[in-house]
Amino acid sequence: PVPLWLDCDPGHDDVFAILLAAYHPGIRLLGISTVHGNAPLDKTTRNARSVLAAIGKHAEIPVYAGAPQALRRPPIHATAIHGESGLDGTDLLPQPPPVWEEAPAISAVEAMASALESTAPGTAWIAATGALTNVARLFDKYPELRARVRGVSVMGGSVGGGFTPAVMGVVDGVPRVGNYTQWAEFNVLIDPEAAAMLFDDPVLKTKITLVPLDLTHLVLATKEVQDMLLYGPAKEGEEDGGVREGRGKSDLRVMLVELLNFFAGTYRDVFGIIEGPPLHDPLAVAAVLTGTEYEIPFYDYDPKSPEGPNRRERFAVEVVTEGTLEDARERGTQTGRTLVTLLPPGSEGIRIP
Ligand code: BDR
Ligand code: CA
């Protein structure tokens, strides 16, 4: 199995990243670190521990609280999307066992480093489903790990090419690219300097798999998916949800669906997205299975597309952390680099083909 460290900020969709990482037979989950983001760090950490307790993995998988804030920016939390707790919408989330309230002896960055050092060179992945603060600090403190890891899978950014406008809608006549602002995706927006450190690094930039909004907005937890979660796969003649009433719901299944319903509700209220919610974060975990027997052909979004299935692209990325859209465009034209979601407010970004 692929050795994986998961860095996350649960977060409704992060829950599904944890579930996938903890149970997929193709993955050996080394540990979890938490980061500020959807909610303040104490809440994302508590949520991660509660989720592990809910899925019966708390004794096996350690959780380390990482960075409480961005490298150089004031905090931003996604309360409108994930609620005050970061995981609103269910009463079924267990309390984390009290032993976990004790502070771990080593920091998240140290724990990540020692777990990655224990893996064979060129095998381990990091999946980052929150702000990139912990991951940037890890490679800053332990630069030799850049050569050791196989890859870093990042749910973040929005390339804004091809199919985003159709998915995210149009604001004032301009296709919407980002989710937090017109242009900016949340995970990159809340710590753009950390993102820039990774995308500017000569070694890491060749190892990053970016899973942007363009892709994640195609992966929806529809009613059919929710029925599957509640009852397991439909048996013959059971397609209709009603027919499956009374069959095998557990508290865990109900909890997961309640979380999805809350998430769907905020996506409806905030973005007007009716069919959903999109599940961003588990895709960053799924991406680490690329090249294994479990590879998921999730780029196969439109077999009729002239680009064909399994579309992947490699391109240089610049995370613009300051300046204006005009500056960024000018620089992109000169360097041929692609610009992903930007901060600060007032500055904007666009993909330069
Ligand atoms: C990302 O932002 C967070 O709210 C989600 O958990 C996901 O990681 C999507 O932009
Ligand atoms: Ca997240």
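Here, each number is a calculation from the coordinates, and none is a lab measurement. Here the structure is a predicted model, which means the values were calculated and not measured. Methodologically, a virtual Cβ is constructed for each residue, glycine included, from the backbone with ideal geometry; neighbour enumeration extends over all protein chains shown.
How large is the dipole of the stretch 9-63 about the Cα centre if only Lys and Arg carry +1 and Asp and Glu carry -1, each at its Cβ, rounded to the nearest 20 debye?
So the magnitude is around 140 debye.
Only Cα pairs under 8 Å and at least 6 apart count here; give the relative contact order of the stretch 1-104 as a rounded whole percent.
Contact order relative to length: 30 percent.
Which value in nm describes the separation of the simple spin-label points at Arg331 and Arg148, placed 7 Å from the Cα toward the beta carbon?
A separation of 3.2 nm, rounded to one decimal place.
Please compute the length gained on full extension between Gln69 and Asp140, using 0.36 nm multiplied by the number of residues separating them and subtracting their Cα-Cα distance.
This chain segment gains 23.9 nm when fully extended.
Could I have the simple spin-label model distance between Glu322 and Ala234, label points 7 Å from Cα toward Cβ, reported in nm to one decimal?
My value for the distance between the label points is 5.6 nm.
Need the list of lysines near Lys57 for cross-linking: C-alpha distance under 22 angstrom, and skip anything on the same chain fewer than eight residues off.
Here the lysines satisfying the reach criterion relative to Lys57 are Lys43, Lys249.
Going by amide H atoms built from the backbone, whose H comes under 5 Å of the H on Gly31, apart from near neighbours?
Under 5 Å from the amide H of Gly31: Leu6.
Highest mean first, what order results for 38-45, 7-14, 118-125, 169-176 on Cβ atoms within 10 Å?
Output ranking for 38-45, 7-14, 118-125, 169-176: 7-14, 38-45, 118-125, 169-176.
Where does the charge balance sit around Asp281 when Lys and Arg score +1, Asp and Glu -1, over other residues with C-beta under 10 Å from its C-beta?
Around Asp281, the surrounding residues sum to -3.
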